[in-house]
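The values are calculated or read from the model by the stated rules, or taken from the named source; none is laboratory data. If you're wondering where the values come from, they're calculated on a predicted model, not measured in any experiment. When we count neighbours, we look across all protein chains shown, and the Cβ atoms used for this are built from the backbone with ideal geometry, even at glycine.
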Amino acid sequence: MKRNGRTLSIQESEDFLGSHHTPYPETLTNISAQDIPTMWKEVRVEYWITSRRSSLEGVREQVTEIIGRVRKDGDEALKAMSRHVVLEEVAVSEKEINAAYDAVDANVVDCLIKAEARIRRFHELQRPRHLWLDTVEPGIVLGVKTTPLRRVGIYVPGGRAAYPSTALMCAVPARVAGVREICACSPPPIKPLTLVALDIAGVDEIYNAGGAQAIAAMAIGTKTVRPVQKIVGPGNVYVTMAKMMMRDHVEIDFPAGPSEIAIIADHTADPDFIAADILAQAEHDPDAACLLITTDRALAGKVGNSVARMTEKAPRKEIIEKSLLNSGYVVVRDIDEAVTVSDRVAPEHLSIQTADSLSLVTRVENAGAIFVGKYSSVASGDYAIGTNHVLPTAGYAKLYSGLDVNHFCKTTSVEMVSPEGLEAIGDIVETIAEAEGLFAHAESVRVRRRKH
């Protein structure tokens, strides 16, 4: 029984650090794996920013072809492009969902239910009023009506690991917002953990589809998959490119690619805590990246030692070592400069581990999510605090907010004007309308004023 409980580019900029810092090898700007003498290294800010830029354009041709196949062949294209399993049906059956519960440890299911409750609790605080009206002056009442989207699609990655947490993060705010229909796509075979999480979150339809073809299916529809109004969720470069290319058909959340973290730390920080946070992001994906911004060069060295020690024992060592090639540290003069560097990087996750961490929060402008203090691990936010972990990456935090309830709503202004209110604004409206040469506009107000 079911237990339903990067198209915008980052502007090229010159190196912020300047000549007052210890010089770095110029080769770091175009570094490759074989050039790196050690995984933990001092880097230029510009190098780190450049390395995070998406290679979207490099896959445009392939994604265009994939979208064309889905447009032409629909479900058959989804089946043909399934790489790891022969698909008989695109839609996941209730029988398969029930079987997933049997395949997942009961304690894990219980933890997913508890995590869902915390995520729901936080997002319910964001729920806007259905309608508010305010008398702004005698005879004029203005307000906003908020309407949830009717049908949305969520994408849950499923390549190197199961991501039940992402299923919860995408579906719960949609459900809280009042979305009537939520469908989900994930690469087949969809892992039982993901199926269970989608069911707990209240997803209505689940489909065996991954990559750019899943985005195309949800955007333009197939015989089985009805089109949605909006698609949310992270994915690889193909998924992200498909989301950007399908915006003529469907709205999206934001570019959300490989995970990243920046850490602002001073001499009071614990190097083991920082190293643990770095490995937690690094194990996601070879393209993940981590940046330590510190006022203490000695701390950077201690963190490097901890990173090396922890990496040797890490179960996902191979992935971590590759992502560390994208990572490193910068040493700044003071905390003010650390905040400036962080804002320029605009990280997905920002951890602040300083003597007075809370004081920096109001000064930070660009970050997907901020974790304040040395005990606020990013992993806690990934799973159980309740905040959303679907966040803009690669500098897009300069432009976008992380996923929340408002992503699943649209607003409509509401206006009520009485004869008294019309009289108050009538001369203004008529004068501006006639100045624009729109005389019928002016007359539509004038006729009402004459008949009152």
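Being surrounded by 14 or more Cβ atoms within 10 Å (Cβ to Cβ) and either out of contact with any strand residue (DSSP E or B) (no Cβ under 7 Å at 6 or more places or on another chain) or modelled with pLDDT of 95 or more (or both) is not true of Glu89. Looking across the stretch 90-108, the residues that are among the small types (Gly, Ala, Ser) and under 28 Å from the mean Cα position of the chain (by Cα) come down to Ala91, Ala100. Per the listing Glu124, Glu116, the residue uniquely of a type in the set (Asp, Glu), closer than 23 Å to Gly381 by Cα and surrounded by 17 or more Cβ atoms within 10 Å (Cβ to Cβ) is Glu116. With respect to Thr194, is the statement that it is closer than 24 Å to Glu94 by Cβ and touching a Ser or Thr at 6+ places or on another chain (Cβ under 6 Å) true? Against the criterion (closer than 24 Å to Glu94 by Cβ and touching a Ser or Thr at 6+ places or on another chain (Cβ under 6 Å)), Thr194 qualifies.
Restricting attention to the stretch 207-235, the residues that are of a type outside the set (Lys, Arg) and outside any helix (DSSP H, G or I) total 16. Only one of the listed residues (Asn366, Asn406) is under 30 Å from Glu46 (Cβ atoms), modelled with pLDDT of 95 or more, surrounded by 13 or more Cβ atoms within 10 Å (Cβ to Cβ) and out of contact with any Phe, Trp or Tyr (no Cβ under 9 Å at 6 or more places or on another chain). That residue is Asn366. Output the residues belonging to the stretch 405-442 that are within 20 Å of Val144 (Cα to Cα) and not in a helix (DSSP H, G or I). Cys409, Lys410, Thr411, Thr412, Ser413, Val414, Glu415, Met416, Val417, Ser418 - these are the residues of the stretch 405-442 that are within 20 Å of Val144 (Cα to Cα) and not in a helix (DSSP H, G or I). With respect to Ala212, is the statement that it is closer than 24 Å to Thr147 by Cα, surrounded by 24 or more Cβ atoms within 10 Å (Cβ to Cβ) and in the same structural domain as Ala99 (by TED's automatic domain parsing) true? Spelling it out, it is not the case that Ala212 is closer than 24 Å to Thr147 by Cα, surrounded by 24 or more Cβ atoms within 10 Å (Cβ to Cβ) and in the same structural domain as Ala99 (by TED's automatic domain parsing). Between Thr64, Thr135, the distinction of being touching a strand residue (DSSP E or B) at 6+ places or on another chain (Cβ under 6 Å) and of a type in the set (S, T, N, Q) belongs to Thr135 only. Number of residues in the stretch 240-278 that are more than 21 Å from Lys398 (Cα to Cα) and crowded, with 23+ Cβ neighbours inside 10 Å: the value is 7.
Kindly indicate whether Ser413 is out of contact with any Pro (no Cβ under 6 Å at 6 or more places or on another chain), loosely packed, with under 13 Cβ neighbours inside 10 Å, modelled with pLDDT of 95 or more and not hydrophobic (A, V, I, L, M, F, W, C). The answer is yes for Ser413.
Let's see how each residue does on (1) over 21 Å from the mean Cα position of the chain (by Cα); (2) assigned by TED's automatic domain parsing to the domain that holds Val331; (3) hydroxyl-bearing (Ser, Thr, Tyr):
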{"position": "Pro227", "(1), (2), (3)": "yes, no, no"}
{"position": "Lys230", "(1), (2), (3)": "no, no, no"}
{"position": "Val237", "(1), (2), (3)": "no, no, no"}
{"position": "Ala242", "(1), (2), (3)": "no, no, no"}
{"position": "His249", "(1), (2), (3)": "no, no, no"}
{"position": "Ile263", "(1), (2), (3)": "no, yes, no"}
{"position": "Asp266", "(1), (2), (3)": "yes, yes, no"}
{"position": "Ala269", "(1), (2), (3)": "yes, yes, no"}
{"position": "Phe273", "(1), (2), (3)": "yes, yes, no"}
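Among the numbered conditions (1) of a type in the set (Ser, Thr, Tyr); (2) over 26 Å from the mean Cα position of the chain (by Cα); (3) modelled with pLDDT of 95 or more, the only one that Thr38 does not meet is (3). Here is the figure for the stretch 278-314: residues that are in contact with a helix residue (DSSP H, G or I) (Cβ under 6 Å, 6 or more places away or on another chain), farther than 24 Å from Ala338 by Cα and in a loop (DSSP other than H, G, I, E, B) total 3.
Filtered by the rule that a residue be in a helix (DSSP H, G or I) and buried (at least 16 other Cβ atoms within 10 Å of the Cβ), the stretch 99-113 gives Ala100, Tyr101, Val109, Leu112. Note on the stretch 373-403: among residues that are charged (D, E, K, R) and out of contact with any His (no Cβ under 7 Å at 6 or more places or on another chain), the one that is surrounded by the fewest Cβ atoms within 10 Å (Cβ to Cβ) is Lys398.
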